[in-house]
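Q: Got a structure for you, written out below as structure tokens; questions coming shortly.
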Amino acid sequence: MSAYSCTQLLYPLTSQLPVSSQKPPKRTRVLNHSSSSSSSSSSTLISTKPTSHSSSPPPSWVESLRFQVRSNLFHEAILTYIHMTTTGSPPDNFAFPAILKAAAALHDLNLGKQIHSHVVKFGYESSSVTVANTLVNLYGKCGDIEDARKVFERITERDQVSWNSMIAALCRFEEWELALEAFRSMLVEENVESSSFTLVSVALACSNLDKGRGLWLGKQVHGYSLRKDDRKTFTINALMAMYAKLRRLDDSIALFQFFEDRDLVSWNTMISSLSQNDRFVEALVFLRSMVLDGVGLDGVTIASVLPACSHLEMLDLGKEIHAYAVRNNDLITNSYVGSALVDMYCNCRQVESGRRVFDSVLERRIALWNAMIAGYAQNEHDEEALNLFLEMYAVSGISSNGTTMASIVPACVRCEAFLHKESIHGYVVKLGLEGDQYVQNALMDMYSRLGKIDISNFIFESMEVRDIVSWNTMITGYVICGYHDEALNLLHEMQRLKENENEDGELKDEKGNLLKPNSVTLMTILPGCAALSALAKGKEIHAYAIRHLLASDIAVGSALVDMYAKCGSLNVSRAVFDQMPIRNMITWNVLIMAYGMHGRAKEALELFENMVAESVKNREVRPTEVTFIAIFAACSHSGMVREGLNLFHRMKVDYGVETIPDHYACIVDLLGRAGKVEEAFQLINTMPSNFDKAGAWSSLLGACRNHQNVEIGEIAAENLLQLEPNVASHYVLLSNIYSSARFWDKAMDVRRRMKELGVRKEPGCSWIEFGDEVHKFLAGDGSHPQSEKLHEFLEALSVKMKTEGYVPDTSCVLHNVDEEAKETLLCGHSEKLAIAFGILNTPPGTTIRVAKNLRVCNDCHAASKFISKIMDREIILRDVRRFHHFRNGTCSCGDYW
């Protein structure tokens, strides 16, 4: 019988029960509460003298009732109570606690209130502390803290159980300060001795306070327990959990090792605490010790330790734990164990195994659905994620929560079949989840990937609570959209919050939320440093990673290798690579690409061979499609045509890597850069018909620009503009080809077509880091504070350069103006302005590092060689394709770029 049915059966009884006429005395309340104003009955208190009653139920009724409650047969207990009262046996102070415990266990507040009315009518509210204590417990567990407080305040002489019940109720409602106030009143004002149950609740309250205050009070509670010589296991377990939640894990471990009466909860507390604090290796060490101690695993153990397996990608150990669960039927049917297994398999990229676990669990709670949907989404099985999301609601009738939506939003963004991507935001609003922090983070990521960074920023600014994920997501959004300087500015803003640092040295936001940059923050912001050649900022982040033991993280290490390489410090990049304890294929690919960008193809090929040798021992580092893109690019920048073609023809047979369109684009670039334009053109004609040829045609068009091949350039442009009619660089390259050949009318026609279509050319832009800022220069822009000074310096320097033999390459000015005007325009190129800024603002001999968003023009390349010699400076210039190291009048590219 349902609790609802039982409640309905109680209604006829209310008019038949005798009412006690006793009026209890009044007494002052102990707990001060802002919302304590209530009816006059809230200030009346129970007399401790029991009221005499004419009759009591036969012992068999009470014994049966109490036995059923002890056996968790709560519905049966309610039926027994109904039969007892309908047969004329009035309940007493033994029957009421039992039936109230049953109502509390069922969380049936209406049923509990009706029984409370019976208590009042039979006179036991004012005669039995035990009954009153059970009422406090009932209201606390059923979500009515006000009625719990009212009953508590009417108790004349509260005993230990009264206080324990009230403190536990306050903790259940997260009224941590009130719980501690009640504990103080219990000890000081009422002089009631505490018990282990009291200390368990008080330790929980301390663990949920601000770390500084919580730790201060928590240590006092710990000291109090030592003075009482309370060494009960569940007290120690509560103290261990408290220290762990206050991020004092070492104290938890010391406490665990100090006492010997450990139970299963003790082990689970330590394993879950270590796992939740990313100390996964230690969690597994504790698991091993637990097994050696002969303690059996339960569902909590497995659900706590599997995240360690997934984060460490220890699939074999995860399978062993899965096997253990299969051998214990109660475990494998546990929904939480099933959720943890699904999560572990999906994190280890074994999505099909995760789905088999999902299908094997018959009782699927929302956590299990969320784990499987998240697993699909994390592995970019987006259509499967969306189908399961629809099935969850349509077939199982389970409504989505914040976790569901935080997983499904990224799948909607990536899934090509899901056309109206922003409509998912409307569904979030319909569910009332737009204020959920995790959903807001997912929506920020969605809009940034759709290029709508302003909406992402609006959501970020409107968030009431921002955690580290929120900051990481916004920083990532800026990086994705190419706003690298804004990403660094946001990191600076995050660091400026250091003014709110507490005495524990923790960084918090204006609302006291902990902000500690983690590995995700670093791997997110480092590409921004790389894009802007912000080497000093990159070094600062590297130092932070070392101080906080994050430098050994494989993702952070790979990002550092990439950052140093793209900031021109290839030797440091290699040093970081060599020091990494573990490398994956991304790490190897990043360094191979770095050597290629710096024109050191021989080292790139040597590193490739080392990677192939390493793959024999470790399958995680075998060459991939990206590896060959990096190798072909390296060969292209160094003119190693034979070596590149050789690898292209061997990649499938020798390395098991299928060719993709990007590989053809790289080889077309390799041939075109070497002047083999006709051969590159023929290669495109041999591409499989189902391949996207846009990248290959783009490479060929760039080669035609470099080698002034108008005929093939027109063919490449015609094909390219059919495939990508809104990409400005295609029009610009064709226009430049015509301008170089002095076909001014055709060049003007191309530019006119761009204007008609609303296609805008990306302006030339260069960056240089100085101090704690990154300075940005646009071609011909005069908005920088030092612009006038920079132009004067470049004009004077141009005179010196001409005396050294420099001749301005006016063919780089693609406008039909006179030669003098062309020379003036050349002085305004963004990379020259950035170099001039570096010379004027840094000490003599300082290396100048500049990054540019486009390919460096012939004139700026020639000018940079002369500037490096005249000013005795090393100039490291990174354009969109490669690095140029100018030193003493020469360039590392050997004029081949």
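Q: Given the conditions (1) in a loop (DSSP other than H, G, I, E, B); (2) open to solvent by less than 40 Å² (accessible area, probe 1.4 Å); (3) over 26 Å from residue 352 (Cβ atoms), report the number of the one that residue 400 does not fulfil.
A: With (1) in a loop (DSSP other than H, G, I, E, B); (2) open to solvent by less than 40 Å² (accessible area, probe 1.4 Å); (3) over 26 Å from residue 352 (Cβ atoms) applied to residue 400, the lone miss is (3).
Q: Among the residues of the stretch 200-221, are any open to solvent by 70 Å² or more (accessible area, probe 1.4 Å), under 43 Å from the mean Cα position of the chain (by Cα) and of a type in the set (A, V, I, L, M)?
A: Yes.
Q: Which condition number does residue 615 fail, the rest of (1) among the small types (Gly, Ala, Ser); (2) out of contact with any strand residue (DSSP E or B) (no Cβ under 9 Å at 6 or more places or on another chain); (3) under 29 Å from residue 706 (Cα atoms) being met?
A: Result: residue 615 fails condition (3) only.
Q: I've got another one for you. Among residues belonging to the stretch 154-194 that are in contact (Cβ under 8 Å) with a residue 60 or more places away in the chain and in contact with a Ser or Thr (Cβ under 6 Å, 6 or more places away or on another chain), point out the one that is surrounded by the fewest Cβ atoms within 10 Å (Cβ to Cβ).
A: So, considering only residues that are in contact (Cβ under 8 Å) with a residue 60 or more places away in the chain and in contact with a Ser or Thr (Cβ under 6 Å, 6 or more places away or on another chain), the one surrounded by the fewest Cβ atoms within 10 Å (Cβ to Cβ) is 157.
Quick grid of which residues meet (1) more than 30 Å from residue 567 (Cα to Cα); (2) part of a strand (DSSP E or B); (3) of a type outside the set (Phe, Trp, Tyr):
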residue	(1), (2), (3)
742	yes, no, yes
748	yes, no, yes
752	yes, no, yes
755	yes, no, yes
767	no, yes, no
774	no, yes, yes
781	no, no, yes
784	no, no, yes
792	no, no, yes
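Q: In addition: Within the stretch 563-573, how many residues are in contact with a helix residue (DSSP H, G or I) (Cβ under 7 Å, 6 or more places away or on another chain) and open to solvent by 30 Å² or more (accessible area, probe 1.4 Å)?
A: Going through the stretch 563-573 one residue at a time, the tally reaches 2.
So that you can scan it fast, the table gives a plain yes or no per residue for (1) in the same structural domain as residue 681 (by the TED database); (2) among the polar types (S, T, N, Q):
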site: 712; (1), (2): yes, no
site: 722; (1), (2): yes, yes
site: 730; (1), (2): yes, no
site: 737; (1), (2): yes, no
site: 741; (1), (2): yes, no
site: 747; (1), (2): yes, no
site: 770; (1), (2): no, no
site: 783; (1), (2): no, yes
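Q: Between a residue in the stretch 212-236 that is at pLDDT below 95 and among the charged types (D, E, K, R) and any residue that is part of a helix (DSSP H, G or I) and open to solvent by less than 20 Å² (accessible area, probe 1.4 Å), which pairs come within a Cβ distance under 6 Å, given they are 6 or more apart or on different chains?
A: If the second residue must be part of a helix (DSSP H, G or I) and open to solvent by less than 20 Å² (accessible area, probe 1.4 Å), the pairs left are 230/196; 232/196.
Q: Output the residues belonging to the stretch 286-312 that are surrounded by fewer than 16 Cβ atoms within 10 Å (Cβ to Cβ) and either at positive phi or not in a helix (DSSP H, G or I) (or both).
A: 293, 294, 296
Q: Give just the number: which of (1) open to solvent by 20 Å² or more (accessible area, probe 1.4 Å); (2) at negative phi does residue 371 not satisfy?
A: (1)
Q: Could you tell me which residue of the stretch 713-771 is modelled with the lowest pLDDT, considering only residues that are of a type in the set (Phe, Trp, Tyr) and farther than 30 Å from residue 485 by Cα?
A: Here the residue is 744.
Q: What single numbered condition from (1) buried (at least 24 other Cβ atoms within 10 Å of the Cβ); (2) at pLDDT below 90; (3) not β-branched (Val, Ile, Thr) fails to hold for residue 878?
A: (2)
Q: Kindly indicate which of 710, 727 is in contact with a Cys (Cβ under 8 Å, 6 or more places away or on another chain) and open to solvent by 20 Å² or more (accessible area, probe 1.4 Å).
A: Going through 710, 727 in turn, just one is in contact with a Cys (Cβ under 8 Å, 6 or more places away or on another chain) and open to solvent by 20 Å² or more (accessible area, probe 1.4 Å): 710.
Q: Exactly one of these conditions fails for residue 114: (1) open to solvent by 10 Å² or more (accessible area, probe 1.4 Å); (2) modelled with pLDDT of 90 or more. Give me its number.
A: Just one mismatch for residue 114, condition (2).
Q: Another question about this same structure. Kindly indicate whether residue 505 is modelled with pLDDT of 90 or more, outside any helix (DSSP H, G or I) and not aliphatic (A, V, I, L, M).
A: The answer is no for residue 505.
Q: In the stretch 249-281, what residues are of a type in the set (D, E, K, R) and either in contact with a strand residue (DSSP E or B) (Cβ under 7 Å, 6 or more places away or on another chain) or buried (at least 18 other Cβ atoms within 10 Å of the Cβ) (or both)?
A: Across the stretch 249-281, the qualifying residues are 251, 262.
Q: Which residues, counting only those in the stretch 603-629, are over 22 Å from residue 880 (Cα atoms), β-branched (Val, Ile, Thr) and buried (at least 19 other Cβ atoms within 10 Å of the Cβ)?
A: Across the stretch 603-629, the qualifying residue is only 621.
Q: So how many residues does the stretch 577-602 have that are without any contact (Cβ under 8 Å) to a residue 24 or more places away in the chain and open to solvent by less than 60 Å² (accessible area, probe 1.4 Å)?
A: So the count comes out to 1.
Q: Right, something else. All but one of (1) open to solvent by 40 Å² or more (accessible area, probe 1.4 Å); (2) in a helix (DSSP H, G or I); (3) not basic (Lys, Arg) hold for residue 664; which doesn't?
A: Unmet for residue 664, out of (1) open to solvent by 40 Å² or more (accessible area, probe 1.4 Å); (2) in a helix (DSSP H, G or I); (3) not basic (Lys, Arg): (1).
Q: Looking at the stretch 449-493, which of the residues that are open to solvent by 30 Å² or more (accessible area, probe 1.4 Å) and among the aromatic types (Phe, Trp, Tyr) is nearest to the chain's Cα centre (by Cα)?
A: 478
The values are calculated or read from the model by the stated rules, or taken from the named source; none is laboratory data. This structure is a prediction, so every number in the text was calculated from the model and none was measured. Methodologically, a virtual Cβ is constructed for each residue, glycine included, from the backbone with ideal geometry; neighbour enumeration extends over all protein chains shown. Heavy atoms of the whole protein, side chains included, go into the accessibility calculation; ligands, DNA and RNA do not. Shrake-Rupley method; radii C 1.70, N 1.55, O 1.52, S 1.80 Å.
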